[in-house]
Every structure is written in structure tokens, then in C-alpha cells.
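Have a look at the structure below, then the notes.
Here, each number is a calculation from the coordinates, and none is a lab measurement. Computed from a predicted model, the values in this text were never measured in an experiment. Neighbour counts are summed over all protein chains in view; Cβ atoms, including those assigned to glycine, are modelled from backbone coordinates with ideal geometry.
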Amino acid sequence: MRIQIKSKDEKNINLLLPTSLVLSNLTAVIAASAINKKIDKKDCEISSRDLCKLMAVMRKVKKKYGRFELVDIQSSDGDIVKIVL
């Protein structure tokens with residue numbers, strides 16, 4: 001997974017993260033607990049099982065399509081944010 005942030009102020013950020021680490025079930029369980037701690041309402045609680053299913057689908061997409069852009073945002077100021085699997 002690659003996260004790129006380019007700004008015209010020459011503050012470019014390029015993060016490379018192992019896709020297997022980001023899309024693992026352990027990461028999904030940790031993310032679910034962190035999200036549930038931060039939200040106040042119990043109505044929109046997310047389960048770790050749901051996030052594990054989401055991670056499994058994203059692993060299938062990565063395997064089928066290879067390089068897959070999740071986010072591609074360009075602002076009017078010339079800033080660019082890309083998140084690529």
C-alpha cells in the first residue's frame with residue numbers, strides 16, 4: 001500500500017506500507033477496537049468480524065486487479081493525495 005501526498009509547498013510525503021500488514025485480520029481487530037473506543041454512540045458500533053470481511057474482500061481485489069487506486073484527490077491549490085493498494 002502506498003500513500004502519497006504532494007503539495008506545492010514542496011512538502012511531499014510518500015509512505016510505503018506492506019499490504020499484507022495493512023489488510024490482515026489482526027489489523028482489522030485492532031482497528032475495530034480503536035474505532036469503537038472513539039465513537040460515542042453504540043448505534044453505529046462496528047464489529048471486528050465485519051472489518052475482517054472487508055479486509056478479505058480488499059485482499060481479493062488486490063490479487064485480481066494488482067495496482068488499485070482507493071483514493072485520488074486533487075485540490076484547486078494543486079495538492080494531490082493518492083492511496084494505492
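Over the chain, dividing the summed -39,500 (n - 2.57) contributions of all DSSP H runs of at least 4 residues by the number of residues returns a 222 nm mean residue ellipticity of -13000 deg cm²/dmol.
Partners of Lys6 within straight-line reach, counting aspartates and glutamates whose Cα lies under 12 Å from its Cα and excluding those fewer than 8 residues away in the same chain: Asp72, Asp77, Asp79. So the label point goes 7 Å from the Cα of Lys8 along Cα→C-beta, right? Which residues of region 68-85 then have their backbone N under 18 Å from it? So the set is 73-82. For semi-axes √(5λ) of the Cα gyration tensor in Å, one of [x] 22, 15, 10; [y] 21, 16, 14; [z] 27, 19, 11 was computed from the structure I shared and the rest are decoys. Which label? Answer label, from the structure shown: [z].
Once the Cα atoms are used to define both axes, helix 25-38 deviates from the longest principal axis of the chain by about 90 degrees.
Only one residue of Ile73, Ser24, Ser7 has its Cα farthest out toward the positive end of the dipole of region 2-84, where Lys and Arg carry +1 and Asp and Glu -1 on Cβ, and that residue is Ser24. Each peptide in 48-60, 11-23 was scored by the mean count of other Cβ atoms within 10 Å over its residues; highest first, the order is 48-60, 11-23.
If contacts are Cα pairs under 8 angstrom and at least 6 residues apart, what is the relative contact order of region 2-84 in percent? Answer for region 2-84 is 37 percent.
The dipole here belongs to the chain: it is taken about the Cα centre, uses +1 on the Cβ of Lys and Arg and -1 on the Cβ of Asp and Glu, and is about 520 debye.
With 30 Å as the limit on Cα-Cα distance, the pairs of Lys38/Lys82; Lys60/Lys82; Lys8/Lys60 that go past it are Lys8/Lys60. Full extension of the chain between Thr19 and Arg49 yields a length gain of 8.9 nm, computed as 0.36 nm times the residue separation minus the alpha carbon distance.
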